[in-house]
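The values are calculated or read from the model by the stated rules, or taken from the named source; none is laboratory data. Predicted model only: the values in this text are computed from it and were never measured. Note: ideal-geometry Cβ built from the backbone for every residue, glycine included; neighbour counts use all protein chains shown.
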Amino acid sequence: MSVSVTHIVDDDPAVRDALQWLLQSRGVSSQAWGGAEEFLSFAAGDLCGCVLLDVRMPGMSGIELFDRLRGLHCRLPVIFLTGHGDVPMAVQALKDGAFDFIEKPYDDNALVDKVLAAIAHDAKRSVRDGSIQLLQQKLTQLTRREQEIMQLILAGKLNKVIADELGIAMRTVEVHRSRIFEKMQVRSAVELSQRLSLLGESPED
Amino acid sequence: MGPPTPSPSGERTSRWRWLWILPRLAFVLFVGGVALLLWMSDRTDKEERRATLISDILWLEQNLRFHLTRNEELLGRIDSAHTASPAAFESFARTVFGFESGLRQLIWLGPDGTVLLAHPTTMDPSLVGDAEEAIPSRQAFLLARSLAKPVYSKPYPYFTNDWQFEVHVPVSREGRIVGVTVGVYRIRDLLSDSVPWWLAERYRISVIGDSGKVLGSRSKVESAVTEEGYQVSFDPPGWGLALHAVPYHAPRPLASIALSASLVILALIVLWSLWILRRHVLRRQAVEEQLRQEHAFRKAMEDSLDTGMRARNMEGEIIYVNPAFCRMVGFSAAELIGRRPPMPYWADDHLDETRSIHDRILAGKGPEEGFELKLKRGNGEVIDVLIHEAPLIDAHGQQSGWMGSMVDITERKLAEERARRQQERLQSTARLVAMGEMASSIAHELNQPLAAISSYCTGAANLLRNQAAATEIVPALDKAVAQAQRAGQVIRRIYGLARHGENRLERVHLAAHIDAALGLMEADIRQKGIRVTLDLAPQAIVEGDPVLLEQALLNLLRNAVESMRDTAPDQRKINIVLSCTDGYVVLTVADRGCGIDAGVADKLFDPLFTTKAEGMGMGLAICRSVVENHRGRLSFEANPGGGTVFRILLPMSPE
């Protein structure tokens, strides 16, 4: 897990510089990129923070860059900077999963507030991403039999019923059950169920 | 077009047949009547002649009887002195002969029947000698002596051709027969002596014996007899003799012949003329039928035309319209024919124009390629028509009027107008889009430095609130200043763009450019029916950019034209005056449009301010910018008669 950085992508050096200065005045660390291609060559899946993206740029446009980032599984929240005429485009981007957009000319401190919100959102996401990763690691430690029995436990069945269904001794079920709880680091079936529900709400990928 | 009349020709021919029967009947009656008349007159004539014949012959018979009776008396008067000597007897005979008695011989017989005296003395002694023996004479003598009355003998032939008869008159003295006087009549001589000439002229008179033999006649040889004669008994002398008269073939009176002939000729003439008349009428009928068909065909053609046709005589009076014309103008033919200008279908708004075209056509100066006109229909609707006029030449080759064909082009004009509007809208939209594009690009260019400035300043303010050191803030503020300068450069560049680069200065003849601008607007001006009056001073010359100045003029003109959209067409007028005063050129453009509200007067020259639905609000702004670039002034005021006057004041070019 790395430090949160706000990535500024704008073709106008003055705007880049001014935004960096603005963010810095509120204690937000930032990195400026002169164009979409430049940022794309750097971007990777494990970045933290957010992206401030100018919609209108020579070469690759902001929207295009946004699509490419999603293609790279980069989940950084994206805030679009738009001119007056680009609002419909930005709204569409918002529907496609952008974090927010802000119309030029903007209230600078409001912009910084949005950036901070995006960073917080990203942090939360990366924490959740971390626990899911851990959970998945734990699931891989289970044997096939243990996974099978775990599904039946999650379905709320008693040990006796499970033993009958699988045609094994109740004693054996109890041993499996305690091994599952140990591997998943939970103390009860309810806790197991809560942990696994995280997986259900995570985005499909 | 009315419903087809059911076979008028058939009905007509039957009527014609009836008409023809009458003269034929009259002719037959006439001929019959004439023939009857002739026949009857002929018959009457005949009867009349027959009656005349009868009366004539009766008269003749009486005459003869009287003659013979007188002769009897004369013969009976003979006395002894007469018979004393042959000389006395001769003188007596001569006396008797002298009365045209018809007697040829006188014989004195003794009481025993002997011939005592005779005059002329017996030319034929045998006869005298035989007289006693001859049967007729002897019998007559005996009968006369015994009866003591005159007795006629039977006729007897004398030589070969002639016949004679005798009268025996007994002479008694003192109761005793002393002798018998015998008078010998030769029938032919009797007739020639006692038949008057006028009777002989008319009839052949003959005496016929009882056997039907002609005993003597008086006749003209040369004339033939044709008709039946009439006969009466000739008594005395009796013995079955008869008087027979046959009229000569009298030539019929010339007048009657002439009358009959003239009647016949008249009848022939009537017949001939009837025949000629009939032939003529038949020919006429055929021609009429042909003409009717021709007319029906032409009428059908004219009725089915979509093109309106109208004929006028030389005075401009309508003499013919076809149904298409009536449909177009919405008046019936009866309402139009005979009308003189102004016509009921002339549009009220274009009366003068229509009348002038009308007059030009009548003067033979109409446009040959046709002309467009607005007409008013019967229901008040106004239509556009295209009219072609051609001289109407009659059968004698004389021009008798004008023939006009008319096509309704309202739809076409509307379509053209729609297309033109569409085009205008498209152009205007394209201009707007281009301008929007430009504005958007300008906005972006200005947004960038402004955004940067704003960010620098906000950042600086943030730091200052946290009591940061001035040295930390100054570089940001410097950068902000640089961005502000950058924005200024953008604006300057745009301004330069609007100024159309470098001003090209040259001497500009404004009058020529006004003409050029009017030329560009001409289609619009004519389409809206605007009258333009010009008063241009040719010496009005300014120094400037001709393209920009013309653009300014064009904008003013366009505003003037468009301001009169709701003005009545006959009020649409633009007055352009170009004059020179005190080193300035003054150009006024006065329209009769909607004028300028007090509320918008202040904003009138602002860019992007517009009162027009499709305007961009650049026209007057450009005008003012151009005029002011040329050190001039643009102003406006209300036109006293309604509308607006725009005034441009420009310094005159030196020299």
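Please specify each residue of segment B:330-387 satisfying the condition of being part of a loop (DSSP other than H, G, I, E, B) and in contact with an Asp or Glu (Cβ under 6 Å, 6 or more places away or on another chain). Let's see the steps before the verdict.
In the first step, residues of segment B:330-387 are kept if they are part of a loop (DSSP other than H, G, I, E, B); the result is B:330-332, B:337-345, B:347, B:363-370, B:377-381.
Correct list: B:R340, B:G366.
Can you find a residue in segment B:588-601 that is of a type in the set (D, E, K, R), surrounded by 14 or more Cβ atoms within 10 Å (Cβ to Cβ), in contact with a Ser or Thr (Cβ under 8 Å, 6 or more places away or on another chain) and over 14 Å from B:F636 (Cα atoms)?
No; the residues of segment B:588-601 include none that is of a type in the set (D, E, K, R), surrounded by 14 or more Cβ atoms within 10 Å (Cβ to Cβ), in contact with a Ser or Thr (Cβ under 8 Å, 6 or more places away or on another chain) and over 14 Å from B:F636 (Cα atoms).
Tell me, please, whether a residue that is surrounded by fewer than 17 Cβ atoms within 10 Å (Cβ to Cβ) and touching a His at 6+ places or on another chain (Cβ under 9 Å) can be found in segment A:190-200. No, the conditions are met nowhere in segment A:190-200.
Could you tell me whether A:A18 is surrounded by 14 or more Cβ atoms within 10 Å (Cβ to Cβ), of a type outside the set (D, E, K, R) and in a strand (DSSP E or B)? No: the conditions fail for A:A18.
When the residues of segment A:79-91 are narrowed to those that are more than 17 Å from the chain's Cα centre (by Cα) and modelled with pLDDT of 85 or more, which ends up farthest from the other protein chains (Cβ to nearest Cβ)? Spell out the reasoning first.
Going through segment A:79-91, the residues more than 17 Å from the chain's Cα centre (by Cα) turn out to be A:80-91.
Restricting the remaining residues to those that are modelled with pLDDT of 85 or more gives A:80-81.
Working: A:F80: 14, A:L81: 8 Å.
That would be A:F80.
Quick check on my filter: what residues within segment B:78-118 are part of a strand (DSSP E or B) and touching a Ser or Thr at 6+ places or on another chain (Cβ under 9 Å)?
Going through segment B:78-118, the residues part of a strand (DSSP E or B) turn out to be B:103-109, B:115-118.
If the condition is that a residue be part of a strand (DSSP E or B) and touching a Ser or Thr at 6+ places or on another chain (Cβ under 9 Å), then B:Q105, B:L106, B:I107, B:W108, B:L109, B:V115, B:L116, B:L117 are the ones that fit.
Only one of the listed residues (B:G436, B:G380, B:G404) is buried (at least 17 other Cβ atoms within 10 Å of the Cβ) and not hydrophobic (A, V, I, L, M, F, W, C). That residue is B:G404. Has segment B:448-467 got any residue that is touching a helix residue (DSSP H, G or I) at 6+ places or on another chain (Cβ under 9 Å), outside any helix (DSSP H, G or I) and within 14 Å of chain A (Cβ to nearest Cβ)? The answer is yes; a qualifying residue exists. Anything in segment A:1-55 that is among the β-branched types (V, I, T), within 12 Å of chain B (Cβ to nearest Cβ) and within 21 Å of the chain's Cα centre (by Cα)? List them, or say none. Scanning segment A:1-55 gives A:I8, A:V28. Identify the single condition in (1) among the β-branched types (V, I, T); (2) crowded, with 17+ Cβ neighbours inside 10 Å; (3) under 18 Å from B:N447 (Cα atoms) that A:V87 does not satisfy, given that it satisfies every other one. Only one criterion is unmet by A:V87, namely (2).
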